[in-house]
Amino acid sequence: VQRYWLKGEKKGQLEVFMEGIPGIPDNLTPDEDGLWIALVVTADPEYPMLPQSLTKLPLVRKFLLRLINLIEMPFNFISRVYPNPYTKKIAYNIGSFTSFAFLYPDRKTIIRSDWNGKIIGSLHGFDKTLSTISHVMEFGDYLYLGSPYADYIGRVWFVNRD
């Protein structure tokens, strides 16, 4: 996660805010104490992320991305010529890697950080009620969880114990 300074001495500078996050962060939700960070994909030694696994094989990565693009291309073309929700959804699922969700670990993770980028807590779910979590918001005694792949909002009881 990177920080971009909007004002002050460092205005216009970009710097690393957090490193070593166990997955791919999607949305950040700020409050007075820090940030909630939803990891849309988690990773661990048992389930490494595919892009990480292929870092030493750039030609294989390039081939796979071009193959995915080639598979997606006819659906995008059909959607442009004859707009319809079916081909748009298929193209989206291919390009957003939703069709590869079976490769993701069953663990869903939310990270809590302070304003200095230090991880101060994390929550993990294993019950498979959400395939991914892309947004988290604390309200009252609950965390509300959103996902672009679910047609509902998750709600988890959570009391912030400082």
Per-peptide average of other Cβ atoms within 10 Å, ordering 69-75, 32-38 highest first | 32-38, 69-75
Specify which residue in the list 119, 17, 92 is farthest towards the positive end of the charge dipole of the chain, using unit charges on the beta carbon of Lys, Arg (+1) and Asp, Glu (-1), about the Cα centre.
-> 92
Please calculate how many Å² of accessible area the chain carries per residue, with a 1.4 Å probe and no DNA, RNA or ligand atoms counted.
-> 70 Å²
Can you give me the pair-distance distribution of the chain, C-alpha pairs, 10 Å bins, whole percents?
-> 9, 30, 31, 23, 7, 0
For residue 6 paired with residue 19, estimate the spin-label separation in nm (one decimal), with each label point 7 Å from Cα along the Cα-to-Cβ line.
-> 2.7 nm
Just round it to a whole percent: the fraction of Cα-Cα distances in the stretch 36-77 exceeding 15 Å.
-> 59 percent
With runs of 4+ DSSP H residues as the only contributors, calculate the mean residue ellipticity of the chain at 222 nm using -39,500 (n - 2.57) per run, divided by the residue total and rounded to the nearest 500.
-> -7500 deg cm²/dmol
Amide H partners (placed H, <5 Å) of residue 121, local residues excluded | 112
Any aspartates and glutamates with Cα under 17 Å of the residue 89 Cα? List them, leaving off those in the same chain fewer than 8 positions away.
-> 72, 151
Carbon and sulfur together cover what percent of the accessible area of the chain at a 1.4 Å probe radius?
-> 61 percent
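The values are calculated or read from the model by the stated rules, or taken from the named source; none is laboratory data. If you're wondering where the values come from, they're calculated on a predicted model, not measured in any experiment. With ideal geometry, Cβ positions are generated from the backbone for all residues, glycine too; neighbour counts draw on all protein chains shown. What goes into the accessible areas is simple: the full protein's heavy atoms, side chains included, and nothing from ligands, DNA or RNA. Shrake-Rupley method; radii C 1.70, N 1.55, O 1.52, S 1.80 Å.
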